[in-house]
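The values are calculated or read from the model by the stated rules, or taken from the named source; none is laboratory data. Just so it is clear, the structure is predicted and the values come from calculations on it, not from any experiment. Glycine gets a Cβ as well: all are built from the backbone with ideal geometry, and neighbour counts include every protein chain shown.
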Amino acid sequence: MLISLAVDYRFADVSTREFFHFSEERLRRLYAKVDRRSREEIVAVQTCNRSELYVWHSAGSPEELEDAYWRLARRWMGSATGARQLLDAARRREGRAAVEHLFRVAAGVESQVLGDGQLLGQLRDAYRMAAVQGGARSVLHRFLERALHVGKRVRSETGLSSGRHSVGAEAAAVVARRFGSLAAVRVVIVGCGKTGERAARQLMKLGARDLVLVNRSMGRAEQLAQAVRGRAAPMEALYGELALADAAVVATSASSPIICTDPLAAARADSHTEREPLLLVDLSMPRNVAPTAAELPSVVIVDLDALRPALAAAERERVSSVPEAEEIVQDELADFLTWLAAASAREAIRPLRKVLESVCYREVSFASGDDVAQRTAERIVAKVLARPMIELRGALLRGEPLDTLTGSLVRLFEQAGYGDHPSPPSVAAR
């Protein structure tokens with residue numbers, strides 16, 4: 001069964017989301033416990049506004065499902081207390097609901113910024129990590145590829161991603177609305193990744209002429225500065241640059257605030273700008289600007305939650321494309337669920353198939369020799385199991401649980417001693 005645990009902006013505020021954020025340590029812990037020999041698969045999906053775990057699991061009964069969620073929460077948080085907090089805050093989804101949710105996320109209809117253009121890249125990064133760590137194999141490999149395909153279709157076949165369609169671009173719009181003309185406004189971009197780059201490029205389009213790019217890698221800062229006709233500055237100069245700025249867009253992957261209250265206050269005092277307005281737009285998760293910085297005179301912080309009202313106008317421009325996107329989601333959902341039902345049915349009937357192949361091979365081999373036995377055994381088993389497979393796929397598509405049947409097959413065949421007679425390598429490996 002496919003299950004998921006998710007914490008996102010629709011049901012959790014920014015302080016809650018950053019508490020459950022996938023840190024490097026948490027990701028290592030999640031993937032370190034992946035057993036490549038088991039049937040469990042796992043992928044952690046993280047975007048600016050969500051942390052979600054998708055798992056292909058053998059759980060079927062309500063008790064097994066509850067146990068699976070508990071163990072996943074323990075792996076995520078590393079403690080029983082953290083697991084309880086996560087289960088209280090997270091949304092749980094199973095089967096069709098889990099598939100549909102990720103397809104909607106990939107389509108951009110679940111984003112804080114409708115049609116968010118950065119989301120597919122974040123989903124692709126999650127897929128790549130899961131594949132490298134052994135978390136995504138046959139089922140989640142197909143699942144994530146299909147989700148990416150949904151996103152690509154929506155972007156090419158609808159207008160959902162027209163105009164500004166990223167958090168970075170919307171942050172630039174917030175700065176423009178606050179100051180009006182940007183010709184004389186100094187804006188510092190902290191972090192030159194995809195989000196920071198989109199913010200910088202949009203600010204340039206909106207008329208900004210004084211852009212300062214701050215990044216840990218000076219090479220990346222200089223490259224972006226050249227593209228937006230700004231100048232690069234090292235991270236060591238951050239507070240000095242902020243003290244002389246009118247606004248800053250902060251978008252790094254730091255796990256704790258890199259803009260702290262006391263150093264910012266000191267830098268502004270040294271530059272005699274402590275009474276000058278400073279707008280800090282924090283697009284990071286976890287937050288990179290200490291919330292207490294808002295207590296400084298003339299300093300205003302706009303974080304991801306505060307940004308939501310400012311996104312409404314841009315969203316209305318694209319909302320007419322949502323029905324088309326939803327149609328693509330439902331179309332791809334039906335196709336994937338059909339494939340998933342077949343995969344689940346094959347999994348449920350695996351013990352019986354293994355026994356039948358072994359028995360058929362032995363008997364045919366005894367009568368006719370190895371050359372004929374393998375092919376004949378496969379044909380016999382395929383014909384015998386054709387009707388059961390049809391029924392199992394139908395039951396799964398109707399949402400009927402197979403845990404009782406699966407348990408019976410395991411008890412009847414895997415533990416009945418039939419497995420003592422091995423199949424030939426080419427059959428057993430199937």
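Please enumerate the residues belonging to segment 88-112 that are small (Gly, Ala, Ser) and surrounded by fewer than 20 Cβ atoms within 10 Å (Cβ to Cβ).
Taking segment 88-112 and keeping what is small (Gly, Ala, Ser), we get 89-90, 95, 97-98, 106-108, 111.
Ala89, Gly95, Ala97 - these are the residues of segment 88-112 that are small (Gly, Ala, Ser) and surrounded by fewer than 20 Cβ atoms within 10 Å (Cβ to Cβ).
Pick out the one residue from Arg75, Arg28, Arg36, Arg10 that is in a helix (DSSP H, G or I) and either farther than 13 Å from Gly135 by Cα or over 18 Å from the mean Cα position of the chain (by Cα) (or both). I'd like the intermediate steps shown before the answer.
Numbers: Arg28 fails: either farther than 13 Å from Gly135 by Cα or over 18 Å from the mean Cα position of the chain (by Cα) (or both); Arg36 fails: in a helix (DSSP H, G or I); Arg10 fails: in a helix (DSSP H, G or I).
It is Arg75.
Please determine, by comparing only the residues of segment 53-72 that are over 17 Å from the mean Cα position of the chain (by Cα) and not in a helix (DSSP H, G or I), which one is farthest from Leu337 (Cα to Cα). Step through it out loud before you land on a result.
Step one: filter segment 53-72 for residues over 17 Å from the mean Cα position of the chain (by Cα), giving 57-71.
From the residues that got through so far, the ones that are not in a helix (DSSP H, G or I) too are 57-61.
Details: His57: 16, Ser58: 17, Ala59: 18, Gly60: 17, Ser61: 20 Å.
Result: Ser61.
For segment 1-17, enumerate the residues that are buried (at least 19 other Cβ atoms within 10 Å of the Cβ) and out of contact with any strand residue (DSSP E or B) (no Cβ under 8 Å at 6 or more places or on another chain). Break it down into steps so the answer makes sense when it comes.
So in segment 1-17, the residues buried (at least 19 other Cβ atoms within 10 Å of the Cβ) come out as 1-9, 12, 14, 17.
Selection gives Ala12, Val14.
Take Leu213 and decide whether it is touching a Lys or Arg at 6+ places or on another chain (Cβ under 6 Å) and under 19 Å from Ile189 (Cβ atoms).
Working: touching a Lys or Arg at 6+ places or on another chain (Cβ under 6 Å): no; under 19 Å from Ile189 (Cβ atoms): yes.
In short, no.
Which pairs turn up if I take residues in segment 57-79 that are over 15 Å from Lys33 (Cβ atoms) and look for partners that are of a type outside the set (Val, Ile, Thr) and surrounded by fewer than 14 Cβ atoms within 10 Å (Cβ to Cβ) with beta carbon separation below 7 Å, at least 6 apart in sequence or on another chain?
Qualifying pairs under 7 Å: Ser58/Arg39.
Filter segment 245-278 down to the residues that are over 21 Å from Lys194 (Cα atoms) and buried (at least 17 other Cβ atoms within 10 Å of the Cβ) and list them by number.
As a first pass, look at segment 245-278 and keep what is over 21 Å from Lys194 (Cα atoms): 245-246, 260-278.
Once the filter is applied, which keeps residues that are over 21 Å from Lys194 (Cα atoms) and buried (at least 17 other Cβ atoms within 10 Å of the Cβ), segment 245-278 yields Ala245, Asp246, Thr261, Leu264, Ala265, Ala267, Arg268, Thr273, Glu274, Leu278.
Name, by its number, the condition in (1) surrounded by 24 or more Cβ atoms within 10 Å (Cβ to Cβ); (2) part of a helix (DSSP H, G or I) that does not hold for Cys192.
All conditions pass for Cys192, except number (2).
Provide a single number: the residues in segment 222-244 that are surrounded by 17 or more Cβ atoms within 10 Å (Cβ to Cβ) and either touching a helix residue (DSSP H, G or I) at 6+ places or on another chain (Cβ under 8 Å) or closer than 21 Å to Glu170 by Cα (or both).
9
Please work out which residue is surrounded by the most Cβ atoms within 10 Å (Cβ to Cβ), limiting yourself to segment 195-220 and to residues that are polar (S, T, N, Q) and within 19 Å of Ser166 (Cα to Cα). Before you say what the answer is, go through the steps one by one.
Pass one, segment 195-220, residues polar (S, T, N, Q): 195, 202, 215, 217.
Within this subset, residues satisfying the condition of being within 19 Å of Ser166 (Cα to Cα) are 195, 202.
On the way: Thr195: 24, Gln202: 22.
Going through the qualifying residues, I end up with Thr195.
Identify the residue in segment 131-163 that is among the small types (Gly, Ala, Ser), part of a helix (DSSP H, G or I) and touching a residue at least 12 places away in the same chain (Cβ under 8 Å) and, among all such residues, is nearest to Asp116 (Cα to Cα). Don't jump to the end; show me each part of the working.
Going residue by residue through segment 131-163, those that are among the small types (Gly, Ala, Ser) are 131, 134-136, 138, 147, 151, 156, 159, 161-163.
Those still in the list that are part of a helix (DSSP H, G or I) too: 131, 138, 147, 151, 156.
From what is left, the residues that are touching a residue at least 12 places away in the same chain (Cβ under 8 Å) are 138, 147, 151.
Values: Ser138: 28, Ala147: 15, Gly151: 10 Å.
If we take residues in segment 131-163 being among the small types (Gly, Ala, Ser), part of a helix (DSSP H, G or I) and touching a residue at least 12 places away in the same chain (Cβ under 8 Å), then Gly151 is nearest to Asp116 (Cα to Cα).
Only one of these is crowded, with 24+ Cβ neighbours inside 10 Å and touching a Cys at 6+ places or on another chain (Cβ under 6 Å): Val187, Val167. Name it. Talk me through it step by step, then tell me what you get.
On the way: Val187 fails: touching a Cys at 6+ places or on another chain (Cβ under 6 Å).
Residue meeting the stated conditions: Val167.
Here is a yes/no grid of residues against (1) touching a Ser or Thr at 6+ places or on another chain (Cβ under 8 Å); (2) polar (S, T, N, Q); (3) modelled with pLDDT under 95:
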site: Val109; (1), (2), (3): no, no, yes
site: Gln118; (1), (2), (3): yes, yes, yes
site: Gln133; (1), (2), (3): no, yes, yes
site: Val139; (1), (2), (3): no, no, yes
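Select from segment 205-248 the residues that are without any contact (Cβ under 8 Å) to a residue 40 or more places away in the chain, hydrophobic (A, V, I, L, M, F, W, C) and assigned to a helix (DSSP H, G or I) and list them in ascending order.
Met218, Ala221, Leu224, Ala225, Ala227, Met235, Ala237, Ala243 - these are the residues of segment 205-248 that are without any contact (Cβ under 8 Å) to a residue 40 or more places away in the chain, hydrophobic (A, V, I, L, M, F, W, C) and assigned to a helix (DSSP H, G or I).
Residue under question is Ala173, and the condition is that it be hydrophobic (A, V, I, L, M, F, W, C), in the same structural domain as Ala254 (by TED's automatic domain parsing), touching a helix residue (DSSP H, G or I) at 6+ places or on another chain (Cβ under 9 Å) and within 27 Å of Glu324 (Cβ to Cβ); does it hold?
Values: hydrophobic (A, V, I, L, M, F, W, C): yes; in the same structural domain as Ala254 (by TED's automatic domain parsing): yes; touching a helix residue (DSSP H, G or I) at 6+ places or on another chain (Cβ under 9 Å): yes; within 27 Å of Glu324 (Cβ to Cβ): yes.
Against the criterion (hydrophobic (A, V, I, L, M, F, W, C), in the same structural domain as Ala254 (by TED's automatic domain parsing), touching a helix residue (DSSP H, G or I) at 6+ places or on another chain (Cβ under 9 Å) and within 27 Å of Glu324 (Cβ to Cβ)), Ala173 qualifies.
Considering only segment 256-301, state which residues are hydroxyl-bearing (Ser, Thr, Tyr) and within 17 Å of Leu238 (Cβ to Cβ).
The initial filter retains those residues of segment 256-301 that are hydroxyl-bearing (Ser, Thr, Tyr), namely 256, 261, 271, 273, 284, 292, 298.
Of everything in segment 256-301, those that are hydroxyl-bearing (Ser, Thr, Tyr) and within 17 Å of Leu238 (Cβ to Cβ) turn out to be Ser256, Thr261, Ser271, Thr273, Ser284.
Mind telling me which of the residues Pro297, Pro291 ends up being over 25 Å from Cys48 (Cα atoms), over 23 Å from the mean Cα position of the chain (by Cα) and not charged (D, E, K, R)? First the steps, then the outcome.
Details: Pro291 fails: over 25 Å from Cys48 (Cα atoms).
Testing whether each residue is over 25 Å from Cys48 (Cα atoms), over 23 Å from the mean Cα position of the chain (by Cα) and not charged (D, E, K, R) leaves just Pro297.
Scan segment 48-55 and tell me whether some residue there is buried (at least 20 other Cβ atoms within 10 Å of the Cβ) and either out of contact with any strand residue (DSSP E or B) (no Cβ under 7 Å at 6 or more places or on another chain) or assigned by TED's automatic domain parsing to the domain that holds Ser256 (or both).
Pass one, segment 48-55, residues buried (at least 20 other Cβ atoms within 10 Å of the Cβ): 48-55.
With either out of contact with any strand residue (DSSP E or B) (no Cβ under 7 Å at 6 or more places or on another chain) or assigned by TED's automatic domain parsing to the domain that holds Ser256 (or both) added as a condition, the list becomes 48.
Yes, the conditions are met somewhere in segment 48-55.
If the requirement is being modelled with pLDDT of 95 or more, within 28 Å of Ala107 (Cα to Cα) and within 30 Å of the chain's Cα centre (by Cα), which of these qualifies: Gly168, Gly191?
Gly191
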